[in-house]
Every structure is written in structure tokens, then in C-alpha cells.
1. In a loop (DSSP other than H, G, I, E, B), modelled with pLDDT under 95 and of a type in the set (S, T, N, Q) - does that describe any residue in segment 218-233?
2. Pick from 276, 271: which is modelled with pLDDT of 95 or more and not hydroxyl-bearing (Ser, Thr, Tyr)?
3. Name the single residue that is nearest to residue 330 (Cα to Cα) among those in segment 263-295 being outside any loop (DSSP other than H, G, I, E, B) and of a type in the set (Val, Ile, Thr).
4. Please list, ordered by residue number, the helices (runs of 4 or more DSSP H) wholly in segment 365-456 having 2 or more residues that are surrounded by 19 or more Cβ atoms within 10 Å (Cβ to Cβ) and either in contact with a Lys or Arg (Cβ under 7 Å, 6 or more places away or on another chain) or in contact (Cβ under 8 Å) with a residue 40 or more places away in the chain (or both).
5. Consider only pairs whose beta carbons are under 6 Å apart and that are at least six residues apart or on different chains; among these, list those whose first residue lies in segment 179-199 and is under 23 Å from residue 219 (Cβ atoms) and in contact (Cβ under 8 Å) with a residue 12 or more places away in the chain and whose second residue is aromatic (Phe, Trp, Tyr) and part of a helix (DSSP H, G or I).
6. Of all residues in segment 240-262, which are assigned to a helix (DSSP H, G or I) and of a type in the set (Gly, Ala, Ser)?
7. Could you check segment 336-364 and list, in sequence order, the residues that are among the basic types (Lys, Arg) and buried (at least 22 other Cβ atoms within 10 Å of the Cβ)?
Amino acid sequence: MNIFKIACIAVISITVLSCRKYVEEVPVQGQRVLVYTTDYRLLINNKNDSEVGSGNSAILSCDDIDLKDSVLQQYFSADMTDVTMYTWGKPFYVDKMDDYDWNAMYKGIYTYNTVIAGVLDSKGGSFDERNAIYAEALIQRSFTYFTLVNSYAKQYDATTAATDPGVPLLLEAKLFVNLERATVAVVYAQILKDLQLAIPLIPVTQVNSVKPNRAAAYALLAKAHLAMRNFSAAQQAAEESLALTSTLYDYKTFVGASKLPFPRLVDNREILLRKISRTSYSALQLSDDLLNLLGSKDLRYTLFTKNGSTFWQNFSGIGYWAGNGTDGSNVGLSVSETWLIRAECLARSGKRDEAVKMLNDLRKNRFLAADYKDLSATGDQQALEMVINERRREFFGTGLRWFDQKRLNKDPFFAKPFTRIYNGASYTLQPNSNAYVFPLSSLIVNQNPELIQNPN
């Protein structure tokens, strides 16, 4: 990248204060604006924008985590925002505290809107190059809105989505905008529209998982339909994704005397779209419920947990560890999640034998041969429960469990209260509680009075 292009990117880089004025710096007369296809490529390649996924609120809120060690509780008590998230309280952010997860995602949306608006008319690139960048921006925007609406709005429900407040739906790169919240239904409609438009234009393969490929687009489409309880459509999209990419690592290669290092996110062939949390925690104590479900023979236990005494903030029990040689936890899209989406949809449609076969095909890659045993189900509900349990084993420590907890409240079998103890006080999360909808930053709401706060 030459100095001239660096200056160009620096000019169009943005810092989010709020969404009414969510651009700190804009090009001024006489400075270079976006003209060439390579300008848009450099813009959308900015990892600081494109890699941001769900934040620490999902990690701390989910039932995979149980910070019951008193020393660990004292350590976390230094940050009352973390404590409030962990105990499902509100507000997360007080006085002039900002929500940097919200800001980072809307900063990314500004970038994607800029690319969507201009790249097709840019100079110097081929027709296919312009279309590919355009499709990348559409997919990135749809992923970001999916994360936002599932964090700051109620779970999609076909009977109420047309009136439930969603999030501001910003589709143009403007400095001053109205932040009235679009409904959950409108936000989801835009997510589906962006993906359908992007799928025929996005390349089947990309140079790395920071750039979405066609399998990633179908995987996100499957995930959106799953959240909407459109199970047939979710299964179809998952099958389209898996037909393009279905690589599953055999975890046996990462243990033992001749073990290979677990791949970094950028090298991990199971990852379809790399996303990471803006912040991470180095000492997350895992719940007994999760550990009992996981079992000590599971290679995910071997690879992704450590004794609490080995963390820099020592604690009793077992903690989540991202794994040797990795660079964080993926909260984006993956083959294994798409695999389990298809399995869930099969179980929900009465095809339990096919669903369980998918589970067993995945699990064979997660155990030593001597420790592996096929699962079997005698009923559809049992098969569905097996799939949900496998999702929990596969994604613990990432915060993705929180979004499963939230959507599964629509299933009476899974809608259960959850209680945790913190500093001697008991806290209970009820099914479909308003605690499943994260509060907006008071600072942002005060700056934008049309942005209605979520209920306590």
C-alpha cells in the first residue's frame, strides 16, 4: 500500500460517537475521495471494521459461565459493567459511559454502506472484482445487523416482529441520520434481501476467512432463517453451504505425542467468516452444568479448557481457554455451526435418524477412537435435545450459547429459568425476560431522543 492510499484510507476512517453523528472525520474539499476499485478493496479490507462480532455481554450473560470462585468474583467486581452483564441487570452503561460494541458495529456499517454505494461505479477494476467487493459489503452488513438485532431487540417472533422495536437500520453513509428503530421484521427482511442479492455475486472461494465466500453467505442465510424459525428454509440454506464447504477437523490430530498445533483463526478451514469479540477475557470459569455435559473424554475439553490455577488470575475449577496457537475465539460463521443447523432442522422435521447421523459424523472428529460411542435417539424431541447439547459443546466460551438460550425460549421444552449466585446474592434469569434484550447506552439515547430505550 503506497503513502497516497494510506492517506486516502485515513481520511475516510471513522470514529463513532453515536449514530446521529457517527463520523468523526469526513473528506473535505481538495482531498482524495474514493475513485478506484482498489480504493474500495482497501476500505473493506480494514479488519478493525470487518472482524467485530458479538461482544462481552453475550459471553458473560450465557449459562456456560459461572464465576462462583470468590477470588474471581472480587476480580470481576472491579468493573461494575461486567458485573451487571453477568447478573442480567440494567443499565450496563451509566452516566457518560459509551457502548463500544454498538459503536464498533455501526462504524463497520458506515464502511459497508460506503462500499455498497460506490464500488459498482468505481474505475480500474473488472466487472467481477467490483461485484465481489459489493457482495462482500452486503454480507458483512447483513451479519452485523443480525448481531445487532439479536443483541438489542427481542427474539424474532412472527406474531410480534412487525411491531417489536429492532435497531436503527442505516443503509446510506450519511453523517447525520434519524435513529428511529426499525422493527425486528424490517431488520430481518433487510438481512435476507442483502444475502439474496449477494449470493450470486460472491466468489465461491476467498483468500482468507476475513472475506466472506459463497458458503459463508448461505451459512448466514441458514442462521437467519433458524432464528426466524423458518426451519425448512434454514435447512435448505445450510445444505447449499455444506455443498460448497464441509471441512471438519479431526481433533485427534491435535492431541498426543505427535500433535499438530491447533490452527489460528486465519488458518482454520472450518471458519467461513472470521469474527471476534471486541474484547476478551483471560479467566472465564465454566459452569458445572456445561462441564458435566461436556465430559472429560471429549477432546473439546482437552483442547479448550484448563485448570483455573493455570490462569494469570487464579481460581478454583475449570476455565475456558481458546487453545494453543490460536488468536481468539470465532464468533462468526463456521462449518460446524452450519452442520448443526442442518441437524437441528432435520430433527425438527421428524428426520431424527438423519439428524443423529450428522451428530455422530461430527462427534467422531471430537473424540479419541477408544472414547467414542455413537449416539442414538428413540424420539424426535430426544434427537433435538441432542443437537442443542452438541451446539453447547461445540461453541462454549464464545458467547454463542447466549443467542441459543434466547431463541430457544420459543420452545417450551427448553424455556427454563437459570439462577446464579454472585457475592452472596441470588439472581434468576426467567424465560423471555427483558434481560434477554441488552440495554442501549444512556449516552447514545440522550444524544438521540428518537432512539427508544429497551425496557428494564
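The values are calculated or read from the model by the stated rules, or taken from the named source; none is laboratory data. Source: prediction; values computed, not measured. In this analysis, Cβ positions are derived from the backbone assuming ideal geometry, glycine residues included, and neighbour counts consider all displayed protein chains.
1. no
2. On the way: 276 fails: modelled with pLDDT of 95 or more.
None of the others qualify; the one that does is 271.
3. Checking each candidate, the answer is 276.
4. Working: elements: 380-395, 400-408, 442-447.
By residue number, 380-395, 400-408.
5. Partner pairs satisfying both residue conditions: 187/145; 191/145; 191/146.
6. As a first pass, look at segment 240-262 and keep what is assigned to a helix (DSSP H, G or I): 240-244, 251-254.
Once the filter is applied, which keeps residues that are assigned to a helix (DSSP H, G or I) and of a type in the set (Gly, Ala, Ser), segment 240-262 yields 241, 243.
7. The first filter runs over segment 336-364 and keeps only residues among the basic types (Lys, Arg), leaving 342, 348, 351-352, 357, 363-364.
Selection gives 342, 348, 352.
Conditions tested, residue by residue: (1) more than 30 Å from residue 86 (Cβ to Cβ); (2) surrounded by 20 or more Cβ atoms within 10 Å (Cβ to Cβ); (3) in contact with a Pro (Cβ under 9 Å, 6 or more places away or on another chain).
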site	(1), (2), (3)
256	yes, no, no
265	no, yes, no
282	no, no, no
334	no, yes, no
